[in-house]
Amino acid sequence: MERNELLYTGKAKKIYATNQENVLLAEYLDQATALNGLKKDKVEGKGRLNNQITGRIFEYLAEKGIGNHYLKETSKTEQLIKRVEMISLEVVVRNVSAGSFSKRFGVEEGTDLPFPVLEFYYKKDKLDDPFMNDEHIFVLGIATKEEILEIKKQTIEINTVLVEMFKKIGIRLIDFKVEFGKTADGEMILADEISPDTCRLWDSTTSDHLDKDIYRRDLGNIIPVYQEVLERLNNM
Ligand code: TMP
């Protein structure tokens, strides 16, 4: 598969066209960002780890019947993905209070929530990704009512599978963010990445952070921690 023109540069990935119309190539970068890009550092080895972690998780989800854009790994930092039209939404699921939820509502971090709480954010850097509800999504034409329902249904299924998967490897899935896209056939599928950059993962025994909060909160080096997550996934 040939890597052709660069289509998109994100904070942690570059997306290229390939010689196949419906296949793109995602290159994971050695770059860490937080605070909507205000904090930014080169972190050697991060691209390789997130490429591999996302690949393992997307393969696992596909085995459990949750279709997604992942096709295959082509190098340590690159993977082939299906071409989709991305929906400009960040869909967050919270099983346990942490991060912005704890801050906004004054709930102590680590408090179990009685059911998974879904939140939507408008994916727009210029606006700082504002919080939004179903009606905002609909009125702005980001997705139809049916598509919103489909996104919610799939997100809850993804959460159920991931909570179980992480439990098997001694990790509590506190919260995470997913994104969706529509294929040329109009099918809504999971896209982007699922990695310690996009999830809060706490060790089940020690409650140690195994995720990007290490970077966001200046708690140390993320590389050994991301490596630990990859090793646990590989030994599952
Ligand atoms: P939050 O508590 O900061 O709102 O984050 C909730 C979860 O979503 C957390 O696992 C990190 C993830 N997330 C992203 O992946 N990208 C983002 O831009 C934001 C705001 C959160």
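The values are calculated or read from the model by the stated rules, or taken from the named source; none is laboratory data. Bear in mind that the values here come from a model prediction, so they are computed numbers and not experimental data. Every residue, glycine among them, receives a Cβ derived from its backbone with ideal geometry; neighbour counts consider all protein chains shown.
In the stretch 204-221, the condition of being outside any loop (DSSP other than H, G, I, E, B) and closer than 21 Å to Q79 by Cα is met by no residue.
What is the number of the single condition among (1) away from the ligand (no atom under 16 Å from the Cβ); (2) not in a loop (DSSP other than H, G, I, E, B) that V92 does not meet? All conditions are met except number (1). Within the stretch 121-141, being more than 16 Å from the ligand (Cβ to nearest atom) and either assigned to a loop (DSSP other than H, G, I, E, B) or out of contact with any helix residue (DSSP H, G or I) (no Cβ under 9 Å at 6 or more places or on another chain) (or both) holds for E135, H136, V139, L140, G141. Take the residues in the stretch 3-33 that are among the acidic types (D, E) and exposed (fewer than 12 other Cβ atoms within 10 Å of the Cβ), then tell me which one is nearest to H69 (Cα to Cα). That would be E21. Counting only residues that are surrounded by fewer than 16 Cβ atoms within 10 Å (Cβ to Cβ) and touching a residue at least 60 places away in the same chain (Cβ under 8 Å), which one in the stretch 100-128 is farthest from E150 (Cα to Cα)? Ranking the candidates gives G110 first.
On the stretch given as the stretch 95-112, residues that are among the acidic types (D, E), away from the ligand (no atom under 11 Å from the Cβ) and farther than 19 Å from M165 by Cβ total 1. Between K167, K152, K177, the distinction of being of a type in the set (K, R), under 19 Å from K123 (Cβ atoms) and in a helix (DSSP H, G or I) belongs to K152 only.
Which residues, counting only those in the stretch 153-173, are in contact (Cβ under 8 Å) with a residue 40 or more places away in the chain and out of contact with any helix residue (DSSP H, G or I) (no Cβ under 8 Å at 6 or more places or on another chain)?
Q154, T155, I156, E157, N159, V163, K168
Filtered by the rule that a residue be touching a strand residue (DSSP E or B) at 6+ places or on another chain (Cβ under 7 Å) and either more than 22 Å from M1 (Cβ to Cβ) or not in a strand (DSSP E or B) (or both), the stretch 14-42 gives N19, N22, L29, D30, Q31, A32, T33, K39, K40, D41, K42. Checked against the criterion of being in a strand (DSSP E or B), more than 19 Å from G181 (Cα to Cα) and at pLDDT 95 or above, the stretch 43-65 has no qualifying residue. Working only within the stretch 68-78, note down all residues that are of a type outside the set (G, A, S), farther than 21 Å from F176 by Cα and in a strand (DSSP E or B). Passing the criteria: L71, K72, E73, T74, E78. Just one of the numbered conditions (1) surrounded by fewer than 20 Cβ atoms within 10 Å (Cβ to Cβ); (2) in contact with an Asp or Glu (Cβ under 6 Å, 6 or more places away or on another chain); (3) at pLDDT 95 or above is not true of N36: (3).
Among the criteria (1) without any contact (Cβ under 8 Å) to a residue 24 or more places away in the chain; (2) touching a Leu at 6+ places or on another chain (Cβ under 7 Å), the one L71 does not fulfil is (1). Just to be sure, is I189 of a type in the set (V, I, T), more than 24 Å from K46 (Cα to Cα) and not in a helix (DSSP H, G or I)? In short, yes.
Identify the residue in the stretch 189-236 that is surrounded by fewer than 20 Cβ atoms within 10 Å (Cβ to Cβ) and closer than 30 Å to A143 by Cβ and, among all such residues, is nearest to the ligand (Cβ to nearest atom). Among those residues, the one meeting the criterion is R216. Residues in the stretch 1-13 that are assigned to a strand (DSSP E or B) and among the basic types (K, R): R3, K13.
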